[in-house]
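Let me begin by presenting the structure, written as structure tokens, before commenting on it.
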Amino acid sequence: MKSLAFSFLLVLSSCGYKFAATDTVLPKTVHTIAIPAFNNLTTRYKLTDQMPEAISREFLTRTRYRVVPDVNSADAILRGAVVNYSFNPTIFDPATGRAAYAELHVTLSVTLTERSSGKVLFDRKNFDVRETYQISPDATQYFEESDPALKRAGQQVARSIVSAVLENF
């Protein structure tokens, strides 16, 4: 039994397998990260309201890094901007001709910089996120679903950004 467990561990260690958030490509000197408000270069308001909070929560739950509010006391600063937003109907109700499903597409630019040296640790200019949501077919009972879809997209962005930063890809 011991030899089987040892063999399993040997295989895991030899194939490059590692547990998430235990080893990252960030310098050992980075312990704190500041995530200021993202810029919004689109005409869609509320687009950036929840992203820094969602990314902060993701860093706190998945990593060993502390998120601090002051950029002057952080070891690294994660800055972002929403550069594009689009909304497109994807499926139409054949009876009414109205859109039944829509997709929102958000493109961000994200950069993580070491504060003391100014060295760029992570940079992604075209970070794409898509979220599909259903539109109520009844116009009288219409509930605007784009805000909850934006919240889900923000959570997806947070997961994707933290994973990309930790794995640097």
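Using DSSP to define loop residues, name the chymotrypsin sites (Phe, Trp or Tyr not before Pro) in the stretch 41-103 whose beta-carbon has at most 12 other beta-carbon atoms within 10 Å.
On the way: sites: Y45, F59, Y65, Y85, F87, F92, Y101; in loops: Y45, Y65.
Sites meeting the loop and neighbour criteria: Y45.
Using a Förster distance of 22 Å, how high is the FRET efficiency between R62 and N39, based on the Cβ-Cβ distance and rounded to 0.05? Please list the in-between numbers first.
Values: r = 25 Å, r/R0 = 1.12.
So the FRET efficiency works out to roughly 0.35.
Please work out the ratio of the alpha-carbon Rg of the stretch 25-167 to 2.2 N^0.38 Å and round it to two decimals.
Numbers: Rg = 17.6 Å, N = 143, 2.2 N^0.38 = 14.5 Å.
Normalised Rg, Cα atoms only: 1.22.
Apply 1/(1 + (r/R0)^6) to the Cβ-Cβ distance of Q156 and K119, taking R0 = 25 Å, and write down the FRET efficiency to the nearest 0.05. Each step should come with its number before you reach the end.
Working: r = 28 Å, r/R0 = 1.12.
Efficiency at R0 = 25 Å is approximately 0.35.
Quick check: pseudo-label points 7 Å beyond the Cα along Cα→Cβ at T29 and N72, how many nm apart are they?
Taking the simple label geometry, T29 and N72 are separated by 2.0 nm.
For each of K119, K151, count neighbouring Cβ atoms within 10 Å of the residue's Cβ, then give the residues from fewest to most.
Values: K119 11, K151 15.
So the residues, fewest neighbours to most, are K119, K151.
Pairs of Cα atoms under 8 Å, at least six residues apart: use those to get the relative contact order of the stretch 30-169, whole percent.
Details: 271 pairs, mean separation 31.9, N = 140.
Relative contact order for the stretch 30-169 comes out at 23 percent.
Relative to the present Cα-Cα distance, how much length would full extension add between F87 and S163 at 0.36 nm per residue of separation?
Numbers: separation 76, 0.36 × 76 = 27.36 nm, distance 2.57 nm.
Between F87 and S163, full extension yields 24.8 nm more.
Bear in mind that the values in this text are calculations on the coordinates, not laboratory data. Computed from a prediction, not measured in an experiment: that's the story for all the values here. All Cβ positions, even for glycine, are placed from backbone atoms using ideal geometry, and neighbour counts span all protein chains on display.
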